[in-house]
Amino acid sequence: MNKKLFVSPAPQITSKYTTLLMMCAATFALVPSCVFGIVNYGIRALYILLIGVITSFVCDRLLCYFKDKKVDWLDFSSIVTGFMTAALLPATAPLWMSALGSVIAIFIFKFCFGGLGKNIFNPAAASRVILAAIFTGLNLSLFTGTAIGSNVASPLYYLANGDYSFITMRSLFFGSAPGAIGTSAIICILICGVLLMAYRITDFTIPVGGVVTFIAITWIFKGAIAILPFLFSGSFLFALMFMVTDPVTSPNTVWGKLIYGLLFGAFAALFRITNIMGETSVFIAVLMANICAPLLDKIVKPRPLGLKEVK
Amino acid sequence: MEIRGVRLKKYNFGKIAKDFFVLRDAEIYSVPLTAGDCEQSIRVVNVGDSVKEGALIAKPNGKYGDFVYSPCCGKVVGVVKKLNINGSLCEHVVIQKDNKQETDYLPILSEDELGSEVLLKRLYESGIMDNFPPYESAYKKYLLKNKINDLVINCTETDPYDHATTALMVTYLSEVFDGALHFQKLCGAAKLTFVFTYKQHRVVKMFKAYLKKRGLKKKVKIKLFPNIYPLAYSRLLAYYLTGKMVKELGRTAQIGMIVESAVNCYDFYQAVNKGKPSIERAITVAGNNCIRKANYFIKNGTPVSHILEVVGFKEDGVDNMLIYGGIMSGVAQESDNVSVSLTANSLLLCESDEFSIEKERVCINCGKCVEKCPVRIHVKDVDDAFELRDYVKAKELGAEACLNCGVCSYVCPAKRFLTQKVQFMKNMAQNKIGKNPDSSDYVLVDGEDFGASKKYDKILDIDKGFKDAIEREVSPVAEQIIASIKQEKLNKTTKDGGNKDE
Ligand code: SF4
Ligand code: SF4
C-alpha cells in the first residue's frame with residue numbers, strides 16, 4: 001500500500017447532528033406556521049419574512065467578514081434568527097421594521113456578545129422587545145397584531161379581561177386569530193415542535209418544564225377554564241417550542257434545562273396574567289429565563305465520577 | 001444506574017464472518033517489546049540467535065513488566081527501534097521465520113495442581129495483555145490484597161466493528177468458559193458474572209444452553225446491558241454493576257471486583273491447558289476497503305502490511321484510513337510499517353465515505369457533550385479552559401476522570417475535537433506530558449546491543465501510574481510469587497543459553 005493514508009483524531013465517525021443540520025431543521029420547523037401566516041394575513045407577510053431573513057444573513061456574514069476576514073457561507077444560524085425575528089412581527093408592520101429588527105438582533109444581540117454561541121439573550125426575542133419598546137408611541141395596534149382589514153383585537157386583550165367566549169379554539173388552532181405572522185397557527189407549531197424534539201434537535205425537558213409551570217400558575221390565578229385559551233393564544237407556544245429551546249442560550253445540563261423550562265413557564269404565565277406589555281410579555285419572559293441560564297450552569301453542575309477514593 | 005454514552009447501532013458496516021481464520025504466516029515478524037502502556041521489556045536475545053515458537057525473547061523490566069515470547073520459529077535478524085502501533089517508540093525484535101515447526105511452550109498444568117498461586121504464576125509468565133483500557137499486563141489486577149468477591153467477564157461489544165468477542169464466544173465457548181473458571185480459581189471470587197449486551201441475544205441463548213448442559217446454571221450469572229458505547233472500560237463496567245466508581249489510575253480490585261475480557265479468558269485457557277504463552281490474539285479485520293473481512297488469530301508482531309496483503313484491499317485511488325483499535329477510540333496509522341501488538345481488538349481499513357472529516361466550528365453551547373459523557377465531565381467548560389490553557393480550572397472540573405472514550409467528540413454538533421482537548425488537559429493536570437521521547441522518525445540500530453548501553457533508559461514512564469496508585473496495596477504474597485517466578489524463569493533461560501545479556 002503506497003497511497004497516502006489519512007490520519008485524523010479519534011473518533012473517526014461522528015454523529016449526523018451538525019450545527020448546519022440543526023440550524024436547517026430549526027428553519028424548516030418555522031416554515032409551516034409561517035405559510036399559514038401568509039395564507040391568513042396576505043402576501044405582505046411573505047415580504048416581511050423575506051426581508052427579515054435576507055437582511056439578517058447579509059448582515060451576519062458581513063460582520064463575520066469584518067471580524068475574521070473570511071466568510072463561512074454555510075453558517076445558517078443567522079437565517080434562523082432573521083426568520084424568527086420577522087415571524088414575530090404582525091403582517092401590518094412596515095417592511096423596514098423587519099429589516100431593523102434583524103439588524104438589531106444580529107448586530108447588538110449576537111455580534112456584540114461575541115458571535116454564535118456566545119450570546120446570552122435570544123437575539124430574536126431581544127430584538128422584538130426592543131422594537132416594542134421603541135415603537136410604542138408610533139402605533140399601538142402594531143404589536144397587538146390585528147389582522148389586515150379587520151378591527152378585531154388580539155385574543156390577549158379579551159383574555160386579560162376574563163372574556164373567554166370570544167375566541168374560538170378553532171381560530172386559535174388554525175391561525176385566523178389576530179397575531180404575529182408565525183405565531184398564530186398553533187397546530188403547525190405543535191407538530192413542528194414535537195418533530196424537532198423527536199429528532200433530538202431540541203431538548204424536550206425545557207418545553208415540558210415550561211408547560212407544567214405555565215398551566216399550574218394559570219390554573220391557580222385564573223381557574224381551569226383559562227388554561228387552554230391562555231396556552232394556545234399569543235406567542236407562548238412559539239416561544240416555548242422554538243425560542244427557549246435555542247441551544248445557545250439554554251443551560252447545558254439536563255437538570256439545568258428542566259429548571260430553566262420551569263422558570264420560563266412561570267415568568268410567561270405571570271407576565272401574561274398581568275398583561276402589562278401585551279404580546280411582548282412572553283418575550284420578556286424568554287429574556288428573563290435567558291438571564292438565569294448562566295446562573296443555572298453555575299449552580300447545576302455534573303459531578304465527575306472517579307475522582308475520589310472508594311472503599 | 002444511568003448508563004450514558006451513545007448508541008452506535010446505525011454504524012454496522014457490512015457483514016463480518018463469524019468464524020475464525022488463522023492468518024497465513026508472515027516471512028518476518030517484528031515483535032514490539034512494549035505492548036500497552038507499560039515499560040519496555042528487556043531483550044534477552046541477540047541478533048543471530050535462533051528461537052523456537054514460544055521461546056522467551058524479553059524479560060520484564062523493573063518490578064512489573066511483561067514476558068515477551070517469540071511468535072514463530074526462526075532466527076533473530078535485527079533489533080529495530082521504531083514506533084509501535086500505539087505510537088510509542090520502542091525496540092522491536094525482528095525475527096525471520098524458517099520452515100521448522102518447533103515449539104517451546106510452557107509446561108502444561110494438570111487439573112489437580114491448579115491453585116491460586118500456580119495460576120497467578122502462569123498468568124504472569126504467559127504475558128497476557130489486557131485488550132481493554134488501561135492496556136496493561138493482565139496479572140496486575142490480581143496483585144492487590146483486597147478480597148475479591150466478583151469476577152466479571154466482559155463479553156460486550158459496543159464498538160461497531162468489533163466482532164471478535166462474539167465470534168470467540170460462538171466458536172470457542174468451552175475454552176472461554178474454562179478460562180473464566182481458571183480466573184475464578186485464581187482470584188477466589190465467589191460470584192462469576194458474564195456481561196453481554198442485548199444485541200448479543202443469540203450468543204446469550206447459546207451460552208445459557210451450554211451452562212445448562214454443564215449443570216452450572218446456578219453458579220454463573222448473566223447480566224445484560226443496553227448496547228451503549230462505551231462498556232469496555234473496566235472501571236465504568238464496575239460502576240454500572242456496583243455503583244462505585246474507582247478512582248482514575250485505580251483498579252477495580254479495590255472494590256472487590258475483577259473485570260476480564262472473553263479474549264483474555266481464551267488466552268488464559270491456552271496458557272494453562274496448552275502451555276501456550278500469549279503470542280497471538282483474536283482480532284477483527286474489517287472496514288469497507290477490506291476484501292476478506294473476518295476475525296483472525298493474528299500473531300504478535302505480524303507486520304500490518306502482511307495482514308493487508310492477506311486480507312486484500314481495494315485500492316480505489318481514494319485516500320483510505322488504517323485504524324488500529326475501534327473506530328471510536330482507535331489510532332489512525334500514518335503508514336502500514338507497523339506491527340500488531342497484543343493489545344489489539346480490531347484493525348480497520350476504511351474507505352473515505354466511512355469516516356468523517358469535519359471542520360471544527362464554534363461551540364453552540366448545546367450541552368450534548370455534557371449530557372452524554374459517561375463519567376459526567378462538564379466537557380464544554382473543559383473546552384473553554386483549554387482555550388485559555390487554564391489547567392487549574394480543568395483540574396477543578398475533573399478532567400482527570402476522562403476515559404478518552406470519544407463520546408463527546410462524536411456527539412458534538414460543532415464537531416469540536418473535545419476528546420483530544422480533555423485528554424490534553426488531563427495530561428497537563430497529571431504532569432504527564434513531555435515524558436514521551438520525541439518519536440518523529442525511525443532509528444535503525446541493527447545489531448547494536450541496547451540492553452547494555454544506557455542510552456534509552458528513559459523510555460516510557462506511564463507504568464509509573466500503576467506504581468504510584470497501587471504499589472502500597474499490593475499483597476506481599478503476590479509480590480513474592482512474582483519475584484520467585486521471575487527468578488525461576490531467568491535461571492532457566494540462562495541454563496538454556498538463550499540469554500547473553502545476563
Ligand atoms: S470527556 Fe472523556 S470520558 Fe467524557 S465523553 Fe469525552 S472522552 Fe469520554
Ligand atoms: S457538544 Fe459541542 S457544541 Fe455542544 S456544548 Fe459541547 S462543545 Fe459545544
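The values are calculated or read from the model by the stated rules, or taken from the named source; none is laboratory data. No experiment lies behind these values; they were computed from the predicted model shown. FYI the Cβ positions are ideal-geometry reconstructions off the backbone, even for glycines, and counts take in every protein chain you see. Accessible surface areas use protein heavy atoms only, side chains included; no ligands, DNA or RNA. Shrake-Rupley method; radii C 1.70, N 1.55, O 1.52, S 1.80 Å.
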Odd one out for residue B:344, checked against (1) more than 11 Å from ligand 1 (Cβ to nearest atom); (2) not in a loop (DSSP other than H, G, I, E, B): (2)
Just a yes or no: is a residue in region B:376-397 more than 15 Å from ligand 1 (Cβ to nearest atom) and in contact with a Leu (Cβ under 7 Å, 6 or more places away or on another chain)? no
The condition from (1) within 14 Å of chain B (Cβ to nearest Cβ); (2) open to solvent by 30 Å² or more (accessible area, probe 1.4 Å); (3) touching a helix residue (DSSP H, G or I) at 6+ places or on another chain (Cβ under 9 Å) that residue A:68 misses is numbered (3)
Mind checking whether some residue in region A:142-150 is part of a helix (DSSP H, G or I), modelled with pLDDT of 85 or more and within 20 Å of the chain's Cα centre (by Cα)? no
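Please specify each residue of region B:349-360 satisfying the condition of being surrounded by fewer than 18 Cβ atoms within 10 Å (Cβ to Cβ), more than 15 Å from residue A:17 (Cα to Cα) and within 8 Å of chain A (Cβ to nearest Cβ).
Within region B:349-360, the first condition is being surrounded by fewer than 18 Cβ atoms within 10 Å (Cβ to Cβ), and the residues that meet it are B:352-353, B:356-360.
With the extra rule that they be more than 15 Å from residue A:17 (Cα to Cα), the set shrinks to B:352-353.
Across region B:349-360, the qualifying residue is only B:352.
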For residues that are crowded, with 24+ Cβ neighbours inside 10 Å and part of a loop (DSSP other than H, G, I, E, B), scanning just region B:331-341, find the one that is nearest to the other protein chains (Cβ to nearest Cβ). B:340
Test result for residue B:359, outside the structural domain of residue B:160 (by TED's automatic domain parsing), under 30 Å from residue A:256 (Cα atoms) and within 16 Å of ligand 1 (Cβ to nearest atom): no
For the subset of region A:215-256 comprising residues that are at pLDDT 85 or above and assigned to a loop (DSSP other than H, G, I, E, B), which member is surrounded by the fewest Cβ atoms within 10 Å (Cβ to Cβ)? A:253
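Out of all the residues in region B:361-391, which are in contact (Cβ under 8 Å) with a residue 40 or more places away in the chain, over 30 Å from the mean Cα position of the chain (by Cα) and facing chain A (nearest Cβ under 10 Å)? Outline the logic, then answer.
Pass one, region B:361-391, residues in contact (Cβ under 8 Å) with a residue 40 or more places away in the chain: B:361-364, B:366, B:368-369, B:371-377, B:379, B:382, B:385.
With over 30 Å from the mean Cα position of the chain (by Cα) added as a condition, the list becomes B:361-364, B:366, B:385.
Result: B:361, B:362, B:363, B:364, B:366.
Going by the structure shown, is residue A:33 over 25 Å from residue A:126 (Cβ atoms) and among the hydroxyl-bearing types (Ser, Thr, Tyr)? Walk me through how you get there before you give the answer.
Working: over 25 Å from residue A:126 (Cβ atoms): no; among the hydroxyl-bearing types (Ser, Thr, Tyr): yes.
Answer is no for this residue.
Could you say whether any residue in region B:111-125 is in contact with an Asp or Glu (Cβ under 8 Å, 6 or more places away or on another chain), modelled with pLDDT of 85 or more and not in a strand (DSSP E or B)? So that I can check it myself, show each step before the final result.
Within region B:111-125, the subset in contact with an Asp or Glu (Cβ under 8 Å, 6 or more places away or on another chain) is none.
No - not one qualifying residue is present in region B:111-125.
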Go through region B:60-100 and count every residue that is open to solvent by 30 Å² or more (accessible area, probe 1.4 Å) and touching a residue at least 24 places away in the same chain (Cβ under 8 Å). 11
Can you list residue pairs whose Cβ atoms sit under 6 Å apart, with the first residue in region A:11-29 being β-branched (Val, Ile, Thr) and the second being within 16 Å of ligand 1 (Cβ to nearest atom)? Count only pairs 6 or more apart in sequence or on different chains. A:13/B:327; A:14/B:410; A:14/B:415; A:18/B:413; A:19/B:413; A:19/B:414
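Could you count how many residues in region B:241-265 are outside any loop (DSSP other than H, G, I, E, B) and in contact with a strand residue (DSSP E or B) (Cβ under 7 Å, 6 or more places away or on another chain)? Full working, then the answer.
Initial filter on region B:241-265 (outside any loop (DSSP other than H, G, I, E, B)): B:241-242, B:252-255, B:257-265.
Within this subset, residues satisfying the condition of being in contact with a strand residue (DSSP E or B) (Cβ under 7 Å, 6 or more places away or on another chain) are B:241-242, B:252-254, B:257-263, B:265.
Looking only at that region, the number is 13.
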If you take the residues in region A:14-54 that are surrounded by 23 or more Cβ atoms within 10 Å (Cβ to Cβ) and within 8 Å of chain B (Cβ to nearest Cβ), which one is farthest from the chain's Cα centre (by Cα)? A:19
